[in-house]
Structures are given as C-alpha cells and as structure tokens.
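None of the figures in this text is laboratory data; all of them are computed from the coordinates on show. What you are looking at is a predicted structure, and each value in this text was computed from that prediction instead of being measured. Cβ placement follows ideal geometry from the backbone for every residue including glycine, while neighbour counts extend to all protein chains displayed.
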Amino acid sequence: MTHKERVHAALERKPVDRVPIFMWFHPETTSHLAKLLEVPPAFVGEAMGNDVRQAWVNNNYAMEGIVHENEGEGHSDYWGIRWKKIGHFNQIAEFPLENAKRDQILSYRFPSDHREDLLGQMTPLVDDAEKWFLGCDVSPCVFEMYFRLRGMSNALTDMATDKELASEMFKRCADFSIELAQEACKRFELDWLWTGDDIAGQDALMMSPAMWREQIKPQLQKVFDVGKEAGVWIAHHCCGSLRPIIPDLIEMGLHVLNPIQCNCPGMDPLDLKKEYGESLAFMGGVDTVELLPHGTVNEIRTSTTRLLEGMTAHGGGYVLAASHTIPPETPDENIFALFAVAGVTQQEIFDRAAQIRRRLASSNVRL
C-alpha cells in the first residue's frame, strides 16, 4: 500500500498491510537519528517509516519549526510573541498582550500580511502527493492562540471576568485559523486538516466544560467546518486530560484525536477505544515519560503489542504515534523496538535511508 492508501484505509476501518505511523521526534532526537542514518534531518521521518507529511502554517511553526542550537537563543514571530530556547524546547518569553489594556487588546491585528510565508511551509511537501498522506496544521486555533498572546492567567481571567472580550478574541483567533485552512484546502490536495487547541492540564480541563462549550466550542466548530466542507478528515490535537469534552468533539465532526497522553486521568487509550472507537479514530498513546526513555526492549515490545492489538480491534481506526515527541534520552534500541512491533524493521529503516541518500545524490543535493 502507498502511505496515503494505508492511512485512509485505517481511518475507514479497512484492512491495512501494517498500522500507519506518524511519529514525532524531539529536535535532538531528529539530529541524532539523522547522523545515525546518514540522511538530512528533514528526511528522518521518511526513513523511519512515517506515512504522513505535514507542515505547520499557523503559530506552531514559530514554536516548533524554528530550532535554536543554544540555551537562551530565541526569536520574535509574526504575532509579536518572543520565544526563547529553555531546556529542550522553545518557550514563550514575552506575551505581546500580557499588560495590554482592553482597547489595545481589541486593536491587535493578526499577521494576515504574512499568509503567503506561512502557507509556503507546505510547498516542500506536495511532491508525490498521490503517494503521501498530506496534512496541514492550522493550530493553535482558539484558546491556545489567545493565551500565547495574552498569557495563561490573563486568558483564563478574561474568560471569567470579561466574557465579551474573551469571546471576541477567541473569534479572531479562530478566524485566522479559518483563513489559513480555507487557503490550504484550496491550494493543496490535503487528506486531513490538522487542528489543535490545548485546553487541558495534566489532571483536568483548564476551565469548566460549560465554559469551554459556551466560549470556545462555537469557534472551534467553525474551523472544523472548513475541513468538513472540503471533504477531508479532521484531526485535533489537545494535550492533557480532556475526556469530559470528547463527546462534544465527536458531535462536532472530529475524526482523529491526538495525542492521547496515557499518563493523564481518563486518557487510557484502550479505555477510550472501547468507549468511543466506533465514532472516533486515535493517534498516539505511546508513553514518552517512562516507557520509551526508561523501559527495556521487552517492555516496549509487550506494551506496544498490547496497544496495537487494542487500538486496532474491530477494524482499525488508529495511527501509531507517541504521546509527545520521542525524547533525546531514548535509547536507539527502544526506538527500533517500537517500530519493529509496528512492522517496520531496523533493516528496512536503514535500507530506506540508503535509498534516500542515493536519491539525493542523483539530484545533486548535498548531504
């Protein structure tokens, strides 16, 4: 099967030759695997067996698509957010609306003049579109975008004390995602529209379900509707413990939920599969906190086998992925064991890396 055929079949609950894979790697993990496989970092996912090609076209590009080498290095993005590398990841150092007055918040303008630059992140992915399952990430969509502008505590306070302001800004955040989504669906042969809105912590939602339903859900629905109108799958990313609103997401038309942080209350992937598997497909669930970095090869094989058997029961509906990026402290043998259980052997990975090197060499691309 081609990558595209494999993912579509899994989401349609049809037989597949192996479970589809969309694994994310920490930048340091990517760099390490690139050296191990002797391919450029941009080709690590392909070499490892990923079936999905996807790019960030909204603010997640500023967070994840720009990689700094040294601690403390940073950049300012099109939204006016200042990012700084702290530890392994870019984190927000300055929120542009953190100390803004109400009228200043309402006068804020989203970077529509940079739309072409943002959508241009998709351009390198469209080659062989008939082979790959193509996704476009228009997240963060609503609340998460606002708290990146305003700061988490201010965003939550606005929801409680100035609902009119919060609702208006949520609408504007969603409108920018919609603008990008509509253009992406028009220009590219997408297979799914990737949305996202982190509204949950490790133990519970950051706000009450009722508050989410009143202020955020209607705006997120409009983003989903772009994908529905385009006839593509709708995927949604939300970290943490979001179980109380999963029925809402299904009712809104969601097809694929990610990342299924199995260590959070109510987010055991096998339980979610049993309860919602007829209506919803899942992507994720492989523990990156304890299992991958600290487990033995046998523990990874046993756990991953159990996960795959449970998540593909009764006709599939699952894409193999970790609950976060695979961390740099993960031993190589653990990574290869995870992929081997999914039907991608270490030898196959190295053979594919060799094919990539030959392809790039014939195109005079410097490795």
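A few points about this structure:
- Helix-derived mean residue ellipticity, 222 nm - over the chain, DSSP H n ≥ 4, -39500 (n - 2.57), to 500: -13000 deg cm²/dmol
- Distant-in-sequence amide H partners of Ala93 (H built 1.01 Å from N, under 5 Å): Arg82, Trp83, Lys84
- In angstrom, the C-alpha Rg and Dmax of the range 42-124 are 15.5, 50.
- Pairwise FRET efficiency - Leu36 versus Glu73, Cβ, R0 = 35 Å, nearest 0.05: 0.90
- The alpha-carbon of Lys131 sits under 22 angstrom from the alpha-carbons of these lysines, leaving out residues fewer than 8 places away in its chain: Lys4, Lys14, Lys186.
- Note: relative contact order over the chain, using C-alpha pairs below 8 Å and six or more positions apart, is 20 percent.
- Charge context of Thr296, other residues only, Cβ under 14 angstrom, K/R +1, D/E -1: -4
- Inter-part distance where the range 283-333 and the range 12-47 are each reduced to a Cα centre, Å: 14 Å
- Radius, Kirkwood style, for the chain when every pair of distinct Cα atoms is counted (Å): 21.2 Å
- The range 1-149: relative contact order in percent, alpha carbon pairs under 8 Å with at least 6 residues between: 29 percent
- Loop sites in the range 22-100: GluC sites (Glu not before Pro), DSSP, at most 16 other Cβ within 10 Å: Glu38, Glu69, Glu71, Glu73, Glu98
- Measuring nothing but how far apart in sequence close Cα pairs (under 8 Å, 6+ apart) lie, relative to its length, the range 150-225 scores a relative contact order of 41 percent.
- Under the convention that each Lys and Arg Cβ holds +1 and each Asp and Glu Cβ holds -1, the size of the dipole of the chain around its Cα centre is about 400 debye.
- When the GluC sites (Glu not before Pro) in the range 171-234 are filtered for DSSP coil states and for at most 13 other beta-carbon atoms within 10 Å of their beta-carbon, the remaining sites are Glu189.
- Cβ-based charge dipole, the chain, positive-most Cα from Met267, Ile356, Met311: Ile356
- More than 25 Å apart - percent of Cα-Cα pairs taken over the range 102-212: 33 percent
- Distance in nm between pseudo-label sites at Asp175 and Arg109 (7 Å out along the Cβ direction from Cα): 1.3 nm
- Computed lengthening from Glu251 to Thr302, 0.36 nm per intervening residue step minus Cα-Cα distance: 14.9 nm
- Positive-end residue of Ile300, His324, Gln347, charge dipole of the range 292-364 with Cβ unit charges: Gln347
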